[in-house]
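Worksheet: the structure to be examined is printed underneath.
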Amino acid sequence: MSIDINCDLGESYGAYRIGNDETIIPYVTSVNIACGFHAGDPTTMRKTVNLALENKVAIGAHPGFNDVLGFGRREINISPNEVYDIVIYQIGALEAFVKAEGGTLQHVKPHGALYNMAVKDGRLADAIAKAIYKINPAYILFGLANSELIRAGKRYGLKTANEVFADRTYQSDGSLTPRTHKQALIDCPKQAAKQIIDMVKNKKVTSVQGEEIPIQADTICIHGDSTHGISIVKEVTSTLLQSTITIRNFMEKI
């Protein structure tokens, strides 16, 4: 049994430093790099691509809404055509840096509100999957387990990775608890590790309502910009290895 661990990186911009990229990257096997809309800038993108190459982790694009003030976490009323366009635009920007630095782009994972809206809205999910397919049908789509994103990716024949979260709680419909809810985040590393083991080994997660939900786990997301991100990834990594679960890149599993 094996699992991929991914983390969102490259979210600093200009004079503002966000996240703990250099500290957390040794513990992950895939990274999702901001493409300049919700966070990141050209120099940060290039530096983060090089950081990923130096650490030999898989590189993914992390497109989101053009919303720096809200860090891409505010819902925007947007058409599927506009989603298609902004995803094409952002993947293309990161793809250029990856190519210029001698690397290869592996996957695409939407960010924040764009991700959460596409989880439930099949039209937005289809626009994202179509954009990925049109750029390169070999790219993998990372999306919330059992969501519209995963279903859209499969319709286009894309490889898909069901994503689960160590530091977020779940609702009974399988969606993530909104960040505005007081129970949305998991700060305790041991609680995060327990949730991950349940999802990876037992293929289930317990919602905040107390219901057990079937779930498929292909890749685990750890948020590097959170206060407890480093502690959580260390505890999750240790617990996985103690449970004889190998940590390796998603492409090595298929």
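The values are calculated or read from the model by the stated rules, or taken from the named source; none is laboratory data. Everything numeric here is computed off the predicted structure, so don't read it as measured data. FYI the Cβ positions are ideal-geometry reconstructions off the backbone, even for glycines, and counts take in every protein chain you see. Note: areas computed on protein heavy atoms with side chains; ligands, DNA, RNA excluded. Shrake-Rupley method; radii C 1.70, N 1.55, O 1.52, S 1.80 Å.
Could you give me the residue pairs with C-beta distances under 9 Å whose first residue belongs to the stretch 195-207 and is open to solvent by 60 Å² or more (accessible area, probe 1.4 Å), whose second residue is in a helix (DSSP H, G or I) wherever it lies, and which are 6+ apart or on separate chains?
Close Cβ pairs satisfying both conditions: Thr206/Gln195; Thr206/Asp198.
Within the stretch 219-238, which residues are in contact with a Pro (Cβ under 9 Å, 6 or more places away or on another chain) and either part of a helix (DSSP H, G or I) or aliphatic (A, V, I, L, M) (or both)? Give the steps one after another, and end with the answer.
Step one: of the stretch 219-238, the residues in contact with a Pro (Cβ under 9 Å, 6 or more places away or on another chain) are 228, 231-236.
Scanning the stretch 219-238 gives Ser231, Ile232, Val233, Lys234, Glu235, Val236.
Looking at the stretch 155-162, is at least one residue modelled with pLDDT under 95, of a type outside the set (A, V, I, L, M) and within 15 Å of the chain's Cα centre (by Cα)?
Looking only at the stretch 155-162, we keep the residues that are modelled with pLDDT under 95, and these are none.
No.
Loosely packed, with under 15 Cβ neighbours inside 10 Å and out of contact with any Phe, Trp or Tyr (no Cβ under 8 Å at 6 or more places or on another chain): is that true of Thr227 in this structure?
Working: loosely packed, with under 15 Cβ neighbours inside 10 Å: yes; out of contact with any Phe, Trp or Tyr (no Cβ under 8 Å at 6 or more places or on another chain): yes.
In short, yes.
Looking at Leu141, Leu149, Leu124, Leu158 in this structure, which one is part of a strand (DSSP E or B) and not aromatic (Phe, Trp, Tyr)? Step through it out loud before you land on a result.
Details: Leu149 fails: part of a strand (DSSP E or B); Leu124 fails: part of a strand (DSSP E or B); Leu158 fails: part of a strand (DSSP E or B).
After applying the criteria, what remains is Leu141.
Among the residues of the stretch 196-213, are any in contact with a helix residue (DSSP H, G or I) (Cβ under 9 Å, 6 or more places away or on another chain) and closer than 29 Å to Tyr133 by Cα?
Yes, that holds for at least one residue.
Can you name every residue in the stretch 29-60 that is touching a helix residue (DSSP H, G or I) at 6+ places or on another chain (Cβ under 7 Å) and assigned to a loop (DSSP other than H, G, I, E, B)?
Within the stretch 29-60, Cys35, Gly36, Phe37, His38, Asn55, Val57 qualify.
Go through the stretch 53-79 and count every residue that is surrounded by 18 or more Cβ atoms within 10 Å (Cβ to Cβ) and out of contact with any strand residue (DSSP E or B) (no Cβ under 6 Å at 6 or more places or on another chain). Write out each step before concluding.
Let us first name the residues in the stretch 53-79 that are surrounded by 18 or more Cβ atoms within 10 Å (Cβ to Cβ), namely 57-65, 67, 71-73.
When the remaining residues are screened for being out of contact with any strand residue (DSSP E or B) (no Cβ under 6 Å at 6 or more places or on another chain), the result is 63-65, 67, 71-73.
The number of residues fulfilling the criteria is 7.
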